[in-house]
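Peer 1: Here it is, the structure in full.
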Amino acid sequence: MHRNSALPPRVLVPVTALLGTLACTPLTPVPGPAPPPEVTVEAAEPETAHTFDAGAPVPVELTAVRPEDGATAEPLRSGDEAEVSFSHLEQSAECTVVLPEGTADLGSGHTLTAALECGTDVEATVLDPALAVLADGAPAARGRVVLSDA
């Protein structure tokens, strides 16, 4: 009967019937879980700048400049008046140095956390917190304003 066919007749009929069934069966999507609703979350802007009012303590980390780097002969002490240059906005202010209680001075090459009380408002940013302290016109310390992550 089907001598030219590679498959015997009894195999050919079921395959043909299966193909006919598949061709007539419509494909319908299977319902699945609904996608989650879109939620928009507005992230709070991180605080990147802070203005310190005149007379308010500005928290700083200071490192005394060494004499071989052009430092003043005298170390910084609490109550010293200094010219402070803030790199942000190229600000400059006359400030009083306030060292931690029990600290006599900021010795050459040492680093500590202190405060500056400036005669004018100053602004500092997280991205540009650098500052330089000049005493009697010579470098006395370098450092940065310490801003909290709040």
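Peer 1: Could you work out the relative contact order of region 49-145, using alpha carbon pairs under 8 angstrom and six or more residues apart, expressed as a whole percent?
Peer 2: Numbers: 241 pairs, mean separation 41.1, N = 97.
Computed value for region 49-145: 42 percent relative contact order.
Peer 1: Moving to a separate point now. In whole Hz, what ³J(HN,Hα) sequence does region 49-61 give by Karplus (6.51, -1.76, 1.60; θ = phi - 60°), x for Gly and Pro?
Peer 2: 9, 9, 9, 9, 5, 3, x, 6, x, 9, x, 9, 10
Peer 1: Could I ask something else about it? If amide hydrogens are placed 1.01 Å from N in the peptide plane, which non-local residues have theirs closer than 5 Å to the one on ARG144?
Peer 2: Amide H to amide H, under 5 Å and 5 or more residues apart or across chains, ARG144 pairs with GLU61, LEU131.
Peer 1: As an exercise, use a Förster radius of 30 Å and the Cβ-Cβ distance of GLU101 and THR63 to find the FRET efficiency, rounded to the nearest 0.05. If you can, show how the numbers build up before the last one.
Peer 2: Numbers: r = 20 Å, r/R0 = 0.66.
For R0 = 30 Å, the calculated efficiency reads 0.90.
Peer 1: Sorted by mean Cβ packing within 10 Å, highest first, what order do the peptides 71-82, 135-146 take?
Peer 2: Working: 71-82: 15.9, 135-146: 18.0.
The peptides rank, most packed first, as 135-146, 71-82.
Peer 1: While we're looking at this one, here's another question. Work out the charge dipole of region 95-150 with +1 on the Cβ of Lys and Arg and -1 on the Cβ of Asp and Glu about the Cα centre, then indicate which of ALA132, VAL122, LEU147 is farthest towards its positive end.
Peer 2: It is ALA132.
Peer 1: Another question about this same structure. Only four residue types carry charge here, +1 at the Cβ of Lys and Arg and -1 at the Cβ of Asp and Glu. Report the dipole size of region 49-145 about the Cα centre in Debye, rounded to the nearest 20. Could the numbers behind the result be given before it?
Peer 2: Details: 4 positive and 17 negative charges, 61 e Å.
That gives region 49-145 a dipole magnitude of about 300 debye.
Peer 1: Classify region 76-144 from the C-alpha gyration tensor, please: rounded if a/c falls under 1.5, else prolate or oblate depending on whether a/b exceeds b/c. Working shown, then result.
Peer 2: Values: a/c = 1.63, a/b = 1.51, b/c = 1.08.
Prolate shape, in that a/c is at least 1.5 and a/b is the bigger ratio.
Here, each number is a calculation from the coordinates, and none is a lab measurement. On a predicted model such as this, the values are computed, not experimentally measured, just so you know. Cβ atoms come from the backbone with ideal geometry, glycine included; neighbour counts cover every protein chain shown.
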